[in-house]
1. Output the qualifying pairs, or none if there are none: Cβ atoms under 9 angstrom, residues six or more apart or on different chains, first residue in the range A:389-411 and at negative phi and acidic (D, E), second residue outside any helix (DSSP H, G or I) and surrounded by 15 or more Cβ atoms within 10 Å (Cβ to Cβ).
2. List the residue pairs whose Cβ atoms are under 6 Å apart, where the first residue sits in the range A:305-327 and is closer than 19 Å to A:A243 by Cβ and modelled with pLDDT of 95 or more, the second is in a helix (DSSP H, G or I) and of a type in the set (G, A, S), and the two are 6 or more positions apart or on different chains.
3. Only one residue in B:V4, B:V64 is in a helix (DSSP H, G or I), closer than 30 Å to B:R126 by Cα and either touching an Asp or Glu at 6+ places or on another chain (Cβ under 9 Å) or among the acidic types (D, E) (or both). Which one?
4. Within the range A:162-179, does at least one residue satisfy the condition of being under 14 Å from B:R202 (Cβ atoms), more than 7 Å from chain B (Cβ to nearest Cβ) and β-branched (V, I, T)?
5. Condition test on B:V118, is it closer than 19 Å to B:L19 by Cα, touching a helix residue (DSSP H, G or I) at 6+ places or on another chain (Cβ under 9 Å) and either touching a residue at least 60 places away in the same chain (Cβ under 8 Å) or facing chain A (nearest Cβ under 10 Å) (or both)?
6. Take the range B:28-40 and flag every residue that is buried (at least 17 other Cβ atoms within 10 Å of the Cβ) and either free of Cβ contacts under 8 Å to residues at least 40 places away in the same chain or of a type in the set (D, E, K, R) (or both).
7. Considering only the range B:123-130, I want to know if a residue exists there that is within 12 Å of chain A (Cβ to nearest Cβ), surrounded by fewer than 15 Cβ atoms within 10 Å (Cβ to Cβ) and assigned to a helix (DSSP H, G or I).
8. Would you mind finding the one in A:F391, A:F421 that is touching a helix residue (DSSP H, G or I) at 6+ places or on another chain (Cβ under 9 Å) and at pLDDT 90 or above?
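The values are calculated or read from the model by the stated rules, or taken from the named source; none is laboratory data. If you're wondering where the values come from, they're calculated on a predicted model, not measured in any experiment. FYI the Cβ positions are ideal-geometry reconstructions off the backbone, even for glycines, and counts take in every protein chain you see.
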Amino acid sequence: MVLIWPLFIPLLGAALLLLCRDRRVADAVALAVCGVEILAIGNAVWQVHRWGSIEGRYLRADGLTSFFLVNIAFISALSLVYATGYLRHVGEGRFSSARWFYALVYLFLFTMVGVCLSANLGLLWIMMEATTLASAFLVGFYNTEGAVEAGWKYIVVCTVGIAFALFGTIVFYLAAVKGGLSHASALNWTTLLAAASQKQFDPNLVRLAFVFILVGYGTKVGFVPMHSWLPDAHAEAPTPVSAMLSAILLNCAMYALIRYEILASRAIGTEFAHTLLLFFGTFSIVVAGLLILVQRNLKRMLAYSSVEHMGIIAIGVGLGGPLGLLGALLHTFNHSTAKALLFFGAGNVRHNFGTLRMDRVRGMARSNPRTAGVLIVGGLAIVGLPPFSLFVSEFAILSEAFTQSRYLIGGVFLLVLSLVFGGFLYHLLRMICGASQETQPKPHFARAEFAVMVVAGVCLLYFGVHIPAAFSVLLREAMTVLQ
Amino acid sequence: MEFVGIAAGKVVSTSAVFLILTIVGLAVARRISTCVLLFSMQSVIITAQVAATAYLENSREAWVVAGLVFTFKVLGIPYAFFWLVERLKSPRDVKASTTPAQSVFVVVVMVFISYAAVRSYVFGIRVPEDALAAAVALILTGAFLMVSRKKALMQMLGLLVLENGIFLAALTTTFGMPLVIEMGVLFDVVVGLLLMGIFTFRIRDTFEHLDVSRLRRLRG
């Protein structure tokens with residue numbers, strides 16, 4: 001019952017928002033629903049902390065769920081507050097008004113919370129596919145040539161990718177049924193975990209299933225070479241949506257993968273799943289790292305950086321071990337915060353300069369000092385410089401790699417990080433430094449937008465120096481599920 | 001009743017042949033409407049298989065699934081496709097990037113691959129080899145249609161063929177997933193197609209054609 005609320009409040013909110021014709025009313029209702037949703041998630045997280053995991057037939061929650069739910073609540077709150085400022089310059093079309101925007105965002109949120117709360121692997125797949133369906137119109141929201149193309153590509157590529165995950169789910173189900181589970185319980189995560197620990201499953205089928213799951217959900221995570229939808233969707237979507245795609249959706253897909261990784265590791269040992277994750281992770285960071293160097297569009301660069309960071313998280317999970325897993329979990333949260341901050345900054349650049357082409361923006365430090373400050377803070381954080389929090393998580397993963405004497409992975413990791421460091425800062429500094437363009441209108445910066453960026457920036461800095469006690473409890477409880 | 005039982009058994013064992021025939025048909029078809037009809041026929045065969053399984057296993061859930069498959073995949077979706085083709089007023093050929101002969105060749109190779117791929121699994125899990133191979137062949141053909149046909153509508157159709165394959169794989173190996181999940185999956189497929197349908201209108205209105213291979217503004 002505790003879990004019904006966080007799941008259905010966004011759905012009710014979406015229905016409610018469709019009734020709000022006035023933009024100001026829609027803003028207020030959207031924020032109110034967000035507040036209620038945060039309370040509901042907070043309550044669920046508290047109950048899990050207090051009484052241990054909550055098991056239901058279709059919904060369940062444990063420490064890992066709590067951790068990802070907190071991530072969802074935090075980033076969606078930031079994005080929605082940002083959206084209230086951002087939406088002022090969005091024209092009113094038939095399906096592109098504020099109420100449609102908020103309603104779709106809440107539908108999207110509903111599906112992502114659903115992914116995290118699914119107890120049934122079939123339901124998990126259904127919710128994961130629904131995330132694509134709910135966000136396809138958000139990606140194509142502006143209805144420009146680019147947005148329509150990105151939306152089409154997004155829905156087709158992700159649906160095909162996810163179809164492979166469905167096949168993987170079926171193979172897993174087959175393994176469970178052949179392993180002696182009843183048809184009704186053969187998709188239930190808790191039952192599967194217990195059966196997997198007793199090695200009831202045919203190893204060949206589990207391997208086959210995991211490969212398809214990895215390809216399927218890996219498409220949503222954005223692993224190279226299934227990432228082709230990602231830069232288009234991130235670049236063409238409205239900025240708050242880009243932030244949600246990058247900072248919540250990719251994490252949710254990673255969450256689904258982690259769930260299967262736990263099952264596969266219990267059933268056939270960690271070797272197989274970890275090797276695959278390490279391979280995809282390393283491949284992704286190398287390709288994304290190289291592509292970051294040649295980007296011209298700011299949001300596309302940020303999108304490739306998301307691919308890179310998802311690769312880093314996959315490496316963390318693939319390495320396993322206490323530091324690797326801790327680093328991976330911490331990194332999902334840190335990356336979300338930093339990437340949301342950067343996307344918000346990018347939205348502001350687009351608003352003030354009318355373009356996201358990085359070669360057309362010059363002298364931002366003089367004309368828009370606050371935007372420049374945001375991009376610098378976000379940029380330094382995302383490349384992993386101390387004292388920002390991404391340094392901590394990347395360092396944890398790296399030390400795990402060297403502890404396990406995996407020098408090749410550690411070496412490649414370091415090399416890519418330094419490449420990205422150079423590329424990212426080069427692109428950002430070129431936009432920030434230099435003489436400003438001749439006629440600049442007065443910089444626009446809504447108060448709501450600035451407030452969320454300050455929150456995100458402070459959070460990045462604070463988590464880099466000290467992890468709050470409540471958060472470390474959350475981390476510890478998530479780790480117990482993983483180990 | 002003996003007779004019905006035998007017939008049901010035969011449906012399960014012979015349907016693979018008919019499915020492979022539809023695959024070859026899809027490879028050579030030049031018009032979208034032909035492909036839609038072939039898809040509809042494919043779904044009829046799959047409905048028959050679900051019904052046969054339902055009869056043999058005496059399962060009420062499977063009868064519901066058979067009804068759903070028949071309503072949506074045999075009638076609903078093909079009807080919606082014909083409506084789309086009519087409303088979009090775009091030229092009706094599939095815009096294949098391979099010649100029919102090449103397509104048939106590719107499809108035949110895929111059927112071989114399917115048999116080779118399922119071989120190592122069928123003994124362990126005791127399922128009809130032909131049916132599983134046909135399922136894998138459907139998945140591969142669906143993917144092939146998606147990459148080799150340039151019309152947006154054909155990508156949707158390729159996806160449907162692929163989904164049919166996955167459905168069939170679930171049916172032959174485990175007699176289908178639980179009903180609730182099966183319904184959820186079908187719901188996602190229908191909503192997905194609905195959204196893609198809306199997108200085809202947007203593509204036509206923005207680009208004035210439906211050739212997705214010419215959507216290449218976003219690269220790199």
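1. Pairs found: A:E394/A:G384; A:E400/A:G320; A:E400/A:R406.
2. If the second residue must be in a helix (DSSP H, G or I) and of a type in the set (G, A, S), the pairs left are A:S306/A:S246; A:V307/A:S284; A:V307/A:A288; A:E308/A:A288; A:E308/A:G289; A:I313/A:A328.
3. Being in a helix (DSSP H, G or I), closer than 30 Å to B:R126 by Cα and either touching an Asp or Glu at 6+ places or on another chain (Cβ under 9 Å) or among the acidic types (D, E) (or both) holds for just one of B:V4, B:V64, which is B:V64.
4. no
5. no
6. Matches in the range B:28-40: B:L38, B:S40.
7. Yes, that holds for at least one residue.
8. Within the list A:F391, A:F421, the selection yields A:F391.
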